[in-house]
Amino acid sequence: MGGVTVAEGPIVSLSHVDAGYPGATILADVSFDIAPGEIFILLGGSGCGKSTILKHMIGLNPVLAGTLTVAGLEWTAATREGLCRRIGVMYQSGALFGSMTCLENVMLPLEEFTRLSRAERRERAMGLLRDVELADAANLMPSEISGGMCKRVAIARAMALDPEVVFLDEPSAGLDPITSSSLDDLILRLRAEKGMTFVVVSHELASIFKIADRAAMFDKSRRAMVALGVPAELRDSSDDPFVRRFFNRGESDGK
Amino acid sequence: MGTLDFIGETCACAAGMVFHPRRFRLGDSLLAFQRAAYDGLAVVSGVGFLLGVILAFQCAAALKMFGVEIYVSDMLAIALFRELGPVVTAIILAGRTGSAFAAEIGTMKANEELNALTTMGLPPVRFLVMPRIVAAALAMPPLTIFHELAGLVGGALVLSTMGIPTQVFWQHVTATSTAFMIVFGLAKGVLFGLVVGLIGCCAGMRAPTTSDGVGAAATAAVVWSIVAIAVGDGLIAVLAWIWGV
Ligand SMILES: Nc1ncnc2c1ncn2[C@@H]1O[C@H](COP(=O)(O)OP(=O)(O)OP(=O)(O)O)[C@@H](O)[C@H]1O
Ligand SMILES: [Mg+2]
């Protein structure tokens, strides 16, 4: 399992990356580094390219230009298998396997990549489901649980192999404030216990100020990263009207 | 993913499994086999029976002019074992199983489940495609045998109404059919099963992620499977004729 191998240098690094799809650049010239153990938030309006840039980071789509490394390695056919086991991903839609129960979904990575016995796998998967407060949904099919519950099962599945970096695409969208806040606590706890790095797409301002070490903000109209830094500092002292407005929930602050 | 990429990856995956047989998802394959073979027995046998009845009537009408209705049994055996058995069974497999493969995998793609597998380090070709293709190929021999036997039963029934005893019918069938003929037909069936599985999975993997994408993928799977079966059967017939078998 991944465990805490303290990497030299950044765990995720983007250098002059053009993000998008073949023939359609969504974000141009994005550069930032994420340090091991950091909780890093991707911010921006709907459709600005947060999921797109996340898909580059998890190796689903190749970047259009520039260099992107995870744990010092670029995504290639040779590094893919090794890198996949060091990351955990929660997709915006949850992407649970519809033909398996919630418990089986969480057990699948354990089954494929560990030598644990069936009972041990089960125990570990139940522990993960308890972490996301879904132990009682273990034997339900994904079609039998709500959208927010699907996302939490997907988070449990992403954590199954103790990955070094966890990528979460809007984990708290569709969750009530209490569940959302306990999810924040879970993220903070896992970071403290296991030194995991989190890259999170989020719109929840409360959650962002609570958990984020740093954030990057993207603007659709400029097709660029417009801010990078500690969220509270960005809110208070950014020169960019778009950034200030974002943190003021869309109200312009008259500055 | 292009069609050629898909075929290449599938072949590479199949080759890899020769060296790492434990990577094969046996449980998934058994489930797909059950759905393709066991759940399909009734419809395959039913169609076989009706085909046998219809063919027997048609042939008997012609052969009656010469007073040799008994040769219906020989015609039926040859037609079923060599051609109709594997071809019709494969077409039913395309409609039942090839389309299901395309729809299942296409839905998983739209739901980002394929992406999830990929980023978990579980290539969808190994995880979803291989078990299904193997299941489709292995489902063909039992389905074909049931189809052929049901066809013969239908034929026997028709002839018995024309005064030809069932015993005589079976004597003619066993005298005309050779083991080679039957095995040749079954081997053809396995090949068609592989093609149906491959086309069904390929259509699913390539399904557009729109709301009508899954439907389009299922349609494409059935249409291309039937085309491939027809063309493949024609080619095999020509080759068999050239080689004199
Ligand atoms: N497969 C694709 N091919 C081409 N363009 C795409 C594709 N998928 C998304 N896009 C475009 O990329 C842009 C960014 O999409 P993305 O999904 O990254 O947005 P997002 O920031 O995650 O938004 P949201 O907060 O709504 O999830 C959108 O304008 C969209 O039109
Ligand atoms: Mg998104």
Item to check | Residue in region B:193-208 that is in a helix (DSSP H, G or I), within 16 Å of ligand 1 (Cβ to nearest atom) and under 28 Å from residue B:128 (Cα atoms) present | outcome: yes
Checklist entry - So is residue A:191 buried (at least 22 other Cβ atoms within 10 Å of the Cβ), under 14 Å from the mean Cα position of the chain (by Cα) and basic (Lys, Arg) or not? => result no
Checklist entry - In region A:102-151, what residues are without any contact (Cβ under 8 Å) to a residue 40 or more places away in the chain, of a type in the set (A, V, I, L, M), in a loop (DSSP other than H, G, I, E, B) and within 21 Å of residue A:173 (Cα to Cα)? => result A:134
Next on the checklist: Show the residue pairs meeting these rules: Cβ distance below 6 Å; 6+ apart or different chains; first residue within region B:119-146 and touching a residue at least 60 places away in the same chain (Cβ under 8 Å) and within 14 Å of chain A (Cβ to nearest Cβ); second residue outside any helix (DSSP H, G or I) and surrounded by fewer than 24 Cβ atoms within 10 Å (Cβ to Cβ).
Outcome noted: B:131/B:25
Item to check | Of all residues making up region B:148-168, the number that are closer than 13 Å to residue B:56 by Cα, touching a residue at least 60 places away in the same chain (Cβ under 8 Å) and not β-branched (Val, Ile, Thr) | outcome: 9
Checklist entry - residue A:23 fails exactly one of the following numbered conditions: (1) away from every other protein chain (no Cβ under 14 Å); (2) more than 16 Å from ligand 1 (Cβ to nearest atom). What is the number of that condition? => result (2)
Next on the checklist: Considering only region A:88-95, I want to know if a residue exists there that is among the small types (Gly, Ala, Ser), buried (at least 19 other Cβ atoms within 10 Å of the Cβ) and away from ligand 2 (no atom under 16 Å from the Cβ).
Outcome noted: yes
Next on the checklist: Suppose we filter A:90, A:57, A:107 for residues that are out of contact with any helix residue (DSSP H, G or I) (no Cβ under 7 Å at 6 or more places or on another chain), among the aliphatic types (A, V, I, L, M) and within 14 Å of another protein chain (Cβ to nearest Cβ); which single one remains?
Outcome noted: A:57
Item to check | The lone exception for residue A:121 - which of (1) of a type outside the set (S, T, N, Q); (2) more than 12 Å from chain B (Cβ to nearest Cβ); (3) surrounded by fewer than 18 Cβ atoms within 10 Å (Cβ to Cβ) it fails | outcome: (3)
Checklist outcome for this item: Flagged in region A:63-87 as within 14 Å of another protein chain (Cβ to nearest Cβ) and touching a residue at least 60 places away in the same chain (Cβ under 8 Å), in numbering order, are A:70, A:85, A:86, A:87
Checklist entry - Any idea which of (1) within 13 Å of ligand 1 (Cβ to nearest atom); (2) more than 19 Å from residue A:151 (Cβ to Cβ); (3) at pLDDT below 95 is the one residue A:93 doesn't satisfy? => result (2)
Checklist entry - Residues in region A:47-67 that are of a type in the set (Gly, Ala, Ser), surrounded by fewer than 23 Cβ atoms within 10 Å (Cβ to Cβ) and within 8 Å of ligand 1 (Cβ to nearest atom): how many? => result 2
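The values are calculated or read from the model by the stated rules, or taken from the named source; none is laboratory data. Being a predicted model, the structure only gives us computed values, none of them experimental. So basically every Cβ, Gly included, is an ideal-geometry build from the backbone, and we count neighbours across all protein chains shown.
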